[in-house]
Amino acid sequence: MNKKIIITIIVFLLLIGGIFIFVNQNKSFEEKLKDIGYSDKEAKEISNLVSEEDENIILNNEYNDDLINILNSKNYKDDNLKLYLEYASNNKKADTNAIINIVNLDLTDYEYSDFLGELAGQKYFIKNNLDRYLKYDSDDAEKTVKEVNCNLDYDYYENTKETNTDDDNLMLVNKYYYLTEDYEPDDLVTLDSTYNMGTNNQMRKVAADAFMKMADAARLDNITIKNASGYRSYEYQVTLYNDYVKRDGKQAADTYSARAGYSEHQTGLVSDINQIEDAFENTDAFKWLSENSYKYGFILRFPKDKENLTGYKYEPWHYRYVGTKAAKIIHDEDLTLEEYYAYYIQND
């Protein structure tokens, strides 16, 4: 083959290649999508869903029959498109929502499972708790997140730690977090007979001021609210708890009374209101508190049907001051203080 023929062939091939490149470059995005396997309908919908910047990401990946669902997901994040496609490619049977949830929370190092995706999709999911969620003996993702966040993967009074008093109004005191024997608030004030009916008539000033404001507001609605038991010292709680144990046994006492150091009353942020008995639930005062206490920074601390989360039986009389901001979130989202603390304080 002479030199002229070789040159002619090379020129011809370059010309054909140039034409191919020219034609391909001038194809629309939809046409290019169809070239990699998307139907006319899929190509049109995808074209309407993605930004121009994301077109090449899609074109550089193989056909994905779940792409439209990914793009339509309510939790879809444009910056994560490449990661979604890579993860979907590596996990062919992965659920769309699971892909979105796992990638969004950067959990791709964990072995894929539908349950992992369900966990990651829970509103109160805490990444630092993931290993504990996966070890917990439950196949219900919502239940797992809720209970592990409240430390129920440990037995009561197991794995306890001193509470962080720097959390101030939001310090958590329960069967996992304790106050030391020498802890006593330095801003206790005494409630007079207008607001108090019991012997334990002290509260921290911020809580006492809020309590008096709440009681004054209730009075305008012809409702009487008085403190029946506020601050209790460590020593007081020792005697109270031991008396209950002698009377009912330790197992029963632990359902309604705190061990010394684990009582919220030691914070000075608690008030048992009016009558310390279940019948309080049937009073106008309880109804008023249910509708209004959060407006003054107080929450019902041990609500009905959440005994497993708080560790105590339902106490309609026991209110805890947490401040108006936290109280509104707890009220609006129907949380216990344990749930709020795990997600909004520890997870912050």
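No value in this document is a laboratory result; all are computed from the given coordinates. Predicted, not measured: the structure shown is a model, and the values here were computed from it. Counting neighbours? That spans all protein chains shown, and the Cβs are built from the backbone with ideal geometry, glycine included.
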* To do: Round to a whole angstrom and tell me the spacing of the C-alpha centers of region 228-303 and region 34-79.
  => 57
* Asked: By how many degrees, 0 to 90 and rounded to 10, does the Cα axis of helix 40-49 deviate from the longest principal axis of the chain?
  -> 50
* Structure fact -> Of all trypsin sites (Lys or Arg not before Pro) in region 27-124, the ones in DSSP coil with at most 16 other Cβ atoms within 10 Å are K27, K74, K77, K92, K93, K123
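Would you mind calculating the gained length between D139 and N282 on full extension (0.36 nm times residue separation, minus the Cα-Cα distance), in nm to one decimal? Please list the in-between numbers first.
Working: separation 143, 0.36 × 143 = 51.48 nm, distance 3.75 nm.
This chain segment gains 47.7 nm when fully extended.
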* To do: Binning at 5 Å from 0, report for region 277-320 what percent of all alpha-carbon pair distances ends up in each bin.
  => 5, 25, 30, 25, 13, 2
* Asked: For the pair K328 and D114, how long in nm is the line joining their label points, each one 7 Å along Cα→Cβ?
  -> 4.0
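Please give the FRET efficiency for D192 paired with D131, using the beta carbon to beta carbon distance and R0 = 56 Å, rounded to the nearest 0.05. Intermediate values should be presented prior to the final figure.
Numbers: r = 52 Å, r/R0 = 0.93.
Working from the Cβ atoms, E equals 0.60.
Give me the Kirkwood hydrodynamic radius of region 161-346, using the inverse of the mean 1/r over all pairs of distinct Cα atoms, in Å to one decimal. Spell out each step's value before the answer.
Numbers: mean 1/r = 0.0608 Å⁻¹.
Across region 161-346, the inverse of the average 1/r is 16.4 Å.
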* For the chain, what is the convex hull (Cα atoms) projected area averaged across all directions, in square nanometres? -> 26.9
* Subtract the Cα-Cα distance of R247 and N75 from 0.36 nm times their separation in residues, and report this length gain in nm to one decimal. => 56.5 nm
* Can you pull out the GluC sites (Glu not before Pro) in region 35-72 that DSSP calls coil and that have at most 12 other Cβ atoms within 10 Å? -> E62
* **Residues in region 194-209 that a label on K295 would reach, taking backbone N under 18 Å of a point 7 Å out along Cα→Cβ** => 209
* Would you kindly compute the Cα radius of gyration of region 198-300 and its largest Cα-Cα separation (Dmax), both in Å? => 14.6, 43
* Asked: When averaged across all projection directions, what area in nm² does the alpha-carbon convex hull of region 207-266 cover?
  -> 5.0
* **Alpha-carbon radius of gyration plus Dmax, which is the widest Cα pair, for region 85-141 in Å** => 10.8, 32
* Structure fact -> With +1 on the Cβ of every Lys and Arg and -1 on the Cβ of every Asp and Glu, the dipole magnitude of region 173-269 about its Cα centre, in debye rounded to the nearest 20, is 320
* Percent RCO, i.e. relative contact order, over the chain, from Cα pairs under 8 Å lying at least 6 residues apart -> 12
* Structure fact -> The Cα radius of gyration of region 305-348, divided by 2.2 N^0.38 Å with N its residue count, comes to 1.16
* **Overall Cα dimensions of region 52-202 - principal axes, largest extent first, Å** => 75, 35, 24
* Asked: What is the sum of charges around A94, taking Lys and Arg as +1, Asp and Glu as -1, for the other residues whose C-beta is under 9 Å from the C-beta of A94?
  -> -1
* Binning every alpha carbon pair distance of region 44-83 at 5 Å from zero, what are the percents per bin? -> 5, 21, 43, 27, 4
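Calculate the dipole size of the chain relative to its Cα centre from +1 charges on Lys and Arg beta carbons and -1 charges on Asp and Glu beta carbons; express the result in debye to the nearest 20. Show your work: numbers first, answer last.
On the way: 39 positive and 64 negative charges, 109 e Å.
In debye, rounded to 20, the chain gives about 520.
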* Structure fact -> Bridge orientation stat for the chain from DSSP, antiparallel percent rounded to 5, came to 75
